[in-house]
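What follows is a set of notes on a single structure, which appears directly below.
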Amino acid sequence: QVQLVESGGASVQAGGSLRLSCAASGIIFSRYRMGWYRQPPGKQRELVAAIAGDGTTIYANSVKGRFTISRDNAKNTVYLQMNSLKPEDTAVYYCNAQFSPFAGDYWGQGTQVTVSS
């Protein structure tokens with residue numbers, strides 16, 4: 001019933017930009033912390049950015065100043081604007097929804113971002 005669908009992944013050259021989108025259904029969207037995680041091949045999944053219902057944001061140090069997370073509660077959608085992309089940003093990017101630490105998170109299917117030098 002719960003569904004998170006990512007879109008916007010692509011192959012780009014270093015220095016380029018992309019905007020990822022995640023459309024959510026089956027949850028009361030405004031009550032969830034929404035986040036973006038990424039997983040390079042063979043490595044652990046890591047938090048990239050997250051945004052609470054009140055607009056509070058956190059970012060990984062590696063993307064501060066380059067990426068911006070935002071949400072539109074009226075559209076049940078969270079975005080990740082990615083600028084000044086680097087080859088080390090290459091990964092599968094996953095959308096995440098979290099109500100509390102005591103409940104299981106919901107995850108999207110992932111979207112591939114590839115940055116070439």
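The values are calculated or read from the model by the stated rules, or taken from the named source; none is laboratory data. On a predicted model such as this, the values are computed, not experimentally measured, just so you know. Virtual Cβ from ideal backbone geometry, glycine too; neighbours counted across all protein chains shown. For the accessible areas, the whole protein counts, side chains as well, though only heavy atoms, and no ligand, DNA or RNA atoms are used. Shrake-Rupley method; radii C 1.70, N 1.55, O 1.52, S 1.80 Å.
Points to keep in mind about this one:
- Filtered residues of region 29-55 (kept if modelled with pLDDT of 95 or more and on the phi > 0 side of the Ramachandran plot): none
- Qualifying residue in region 89-109 (condition: open to solvent by 70 Å² or more (accessible area, probe 1.4 Å), under 19 Å from K43 (Cα atoms) and acidic (D, E)): no
- Strands (runs of 3 or more DSSP E) completely within region 1-86 that count 1 or more residues being under 14 Å from G108 (Cα atoms) and of a type in the set (G, A, S): 3-7, 18-25, 33-39
- Pair list, Cβ under 9 Å, 6 or more apart: region 93-117 residue without any contact (Cβ under 8 Å) to a residue 12 or more places away in the chain, other residue in a loop (DSSP other than H, G, I, E, B): D105/F99
- Matching residues in region 87-110 - criterion: being touching a Gly at 6+ places or on another chain (Cβ under 7 Å) and either hydroxyl-bearing (S, T, Y) or part of a loop (DSSP other than H, G, I, E, B) (or both): Y93, Y94
- The condition (being free of Cβ contacts under 8 Å to residues at least 40 places away in the same chain, of a type in the set (K, R) and open to solvent by 40 Å² or more (accessible area, probe 1.4 Å)) is satisfied by just one residue among K64, K75: K64.
- Of all residues in region 1-55 being polar (S, T, N, Q) and more than 15 Å from V78 (Cα to Cα), the one that is surrounded by the most Cβ atoms within 10 Å (Cβ to Cβ): Q39
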